[in-house]
1. Looking at the structure I just gave you, is Gly290 touching a residue at least 40 places away in the same chain (Cβ under 8 Å), of a type in the set (Gly, Ala, Ser) and closer than 26 Å to Glu222 by Cβ?
2. Can you tell me how many residues within the range 122-138 are open to solvent by less than 60 Å² (accessible area, probe 1.4 Å) and polar (S, T, N, Q)?
3. Can you list residue pairs whose Cβ atoms sit under 6 Å apart, with the first residue in the range 316-341 being of a type outside the set (Phe, Trp, Tyr) and the second being open to solvent by 70 Å² or more (accessible area, probe 1.4 Å) and modelled with pLDDT of 95 or more? Count only pairs 6 or more apart in sequence or on different chains.
4. When you scan the range 55-70, do you find a residue that is without any contact (Cβ under 8 Å) to a residue 60 or more places away in the chain and farther than 17 Å from Gln136 by Cβ, even just one?
5. Would you confirm whether any residue within the range 140-159 is under 14 Å from Leu58 (Cβ atoms), in contact (Cβ under 8 Å) with a residue 60 or more places away in the chain and not β-branched (Val, Ile, Thr)?
6. Cβ-Cβ below 6 Å, separation at least six or inter-chain, first residue in the range 95-119 and over 12 Å from Leu32 (Cα atoms), second open to solvent by 20 Å² or more (accessible area, probe 1.4 Å) and assigned to a loop (DSSP other than H, G, I, E, B): which pairs?
7. Which pairs turn up if I take residues in the range 364-390 that are surrounded by 16 or more Cβ atoms within 10 Å (Cβ to Cβ) and look for partners that are small (Gly, Ala, Ser) and in a loop (DSSP other than H, G, I, E, B) with beta carbon separation below 8 Å, at least 6 apart in sequence or on another chain?
8. For residues that are open to solvent by 20 Å² or more (accessible area, probe 1.4 Å) and either modelled with pLDDT under 95 or within 21 Å of Gln208 (Cβ to Cβ) (or both), tally how many sit in the range 187-198.
Amino acid sequence: PGVRFLPLRPSPLSPPQETRVEFHVRTRHVALVPDGVRAVPGVLERMRTALETTGARLVAAAVGPAPLRCVGLHVDLRQWTARYEAGPPCGAVEGTAVLLLRSQDLFNLSFPLARPLAAAIFLQAALRRWELHVLQERFLAAPATPDSPHRRWKARSLQEARQRSLMDDFGIKLEVLEDGRQRWYGCTKETARCFGTVHAQTPQYLFQGRWTPPCCLRALRETARHVASALEDAGVRYWLEGGSLLGAVRLGDVIPWDYDVDFGIYRQDVAKCRWLQEAAQGGPVEDEEGFVWEKALEGDFFRVHYSRSNRLHVDLWPFYPRAGVMTKDTWLGHPQDVEFPERFLHPRVPLPFAGFTAMGPNNAREFLELKFGPGAIEEPEYPNPAVMRL
């Protein structure tokens, strides 16, 4: 008695309020109860008391004999990442739990009933810096019926699919667990990259208040390392260019909002590299590790893609010396795309970059200030400040 069953899937014949829970809840509090939980007299009341007296916005109580384990949770949407740490403070719990919160708080969440439900609540609570209180009392679990391996596999597959869908909705590409293990939800070598066309040097994620997804940064690092190794093996003289050199000097890595990597090369060395030569003569070519080398459509330079599916790339700009000045035949109108004295390359010097050692100009500060202006290293800026400033 008193229980209502409410389908949440919208119907073309039903008004939206019929399938939205917030229009049907009239109580001050909401308990989110997993399947198979048996009530214990007084526990929900004590959870409510804790919610109203401790300053917490969320109260959890264990289900079954195993206690809940608290973990810290930090969500950084700008970097598309959720990190779990040994608590306190308690941001999430491991184990089956009943959750209690105020109805107003629940239905002010962006995803109040997304599944997996507990994970969705904890992520949103962490973003709002809600305090989580764990009650020491427990609910009983109903006796489990005998299970088959096939049903366990189906349940696990459903859980994994819901977890991936949740992370996609929240824009989380990477979970870092307490022990340092990583769970990835973003792009791979077999998928497209995580963002669309770059307009006016400004990728769409910057308009969302975010930086480069970590899966895309990982792909850029792998591609840069692969290209540098191939060029070195072939005897092609290369150096870090533009924003990639800025990243190497500032961080030893790709700039966290960048969307490609730039190398300069000596034009007369192109013939030394099999992949550059084949790309110049016959169109895109895929090497043994699945990276795709091609002549760029926009002009006289080369592009190496992470894969045929994933078009994150390294640009290779062929320069040649003329009267002691390095110049090239294709200029795309970027302010930093300028000629420079060849003395910066005699000698080239090793620089830590993206997990390996790359070659760079011998006076990086002077080189960068020639390209970007004074203070370029100390004053980070987005690729096109006229469109969006850092």
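The values are calculated or read from the model by the stated rules, or taken from the named source; none is laboratory data. Nothing here was measured: the structure is a model prediction, and the numbers come from that model. Using ideal geometry, Cβ is built from the backbone for each residue, glycine included, and neighbour counts are taken over all protein chains shown. Note: areas computed on protein heavy atoms with side chains; ligands, DNA, RNA excluded. Shrake-Rupley method; radii C 1.70, N 1.55, O 1.52, S 1.80 Å.
1. When the stated conditions are applied, Gly290 passes them.
2. Total satisfying the criteria: 1.
3. Pairs that qualify, where the first residue is of a type outside the set (Phe, Trp, Tyr) and the partner is open to solvent by 70 Å² or more (accessible area, probe 1.4 Å) and modelled with pLDDT of 95 or more, are Pro318/Arg267; Val325/Glu339; Thr327/Glu339.
4. no
5. No - not one qualifying residue is present in the range 140-159.
6. Gly95/Ala66; Gly95/Leu68; Asp105/Arg57
7. Partner pairs satisfying both residue conditions: Leu368/Ala376; Asn384/Ala200.
8. 7
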